[in-house]
Amino acid sequence: MRSTRFLSVATMMGVIAVLPTVASAQLAGSVVFTPYAGAYAPANDIASAFSSRVVAKQKAASVFGANLSYWLNDRVAVEGGAAYAKSDIKWSGRIGESGNVLDETVAQNAHTWMGSAKLIFQLFPEGSDYNMRFGAGPALITRSGPAFTPDNGTFSGLTDIGAAFSLCTRLSITPNFGIRMRAEDYFYQSELAFKGRTAAEKLSLGSKMQHDFIFSTGLQIFLSR
């Protein structure tokens, strides 16, 4: 499963890398709004305990988001953005009332919100027939939903701070509109913990490095130039 996801990432990067697009001239001072939709693909388990007898994994889902960017000059921009995915949690194994592990699998509703602030760099020189942009910056990831609000206890560690990296290209439609295609990686460390009604149910679910990938297509709208 992981190899399939990483192959998808490599394929997306390859498509972006070879796709010829028209770079927008005179980006300096432009404000660009980009609503987008795509696929959310978490690559790792977010929690495990009891020698991996209890494992939590987010499911792939649709994602919706938007970015707002301001071009400082023709090569560098600052960008802020947010995204939402209804990514359900699949639990394999469950902690019983007495602290024992029950062998069962259940999927529960969950929501993931992601926000980031990036510097965006135009990789090709002005006048190039190719448009490629790399972005990097801090990110905030938080989760909610019934999967994290059980009747027998509470979860902590639902919000994480990490980094977001992106690679995208743009196909011009008109001077003020374009189609953006982007591959993005939210990289962070999750540290979920569960606190039940009894001391036996206090459980750290491990520290897990995460790669949450987003593959999206958006409509770029120049609000000012």
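The values are calculated or read from the model by the stated rules, or taken from the named source; none is laboratory data. Because the structure is a prediction, the values reported are computed rather than measured.
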Conditions (1) in a loop (DSSP other than H, G, I, E, B); (2) of a type outside the set (A, V, I, L, M, F, W, C); (3) modelled with pLDDT of 95 or more; number of the one not met by residue 166: (1)
Test set (1) at pLDDT 90 or above; (2) part of a loop (DSSP other than H, G, I, E, B) - residue 52 fails condition number: (1)
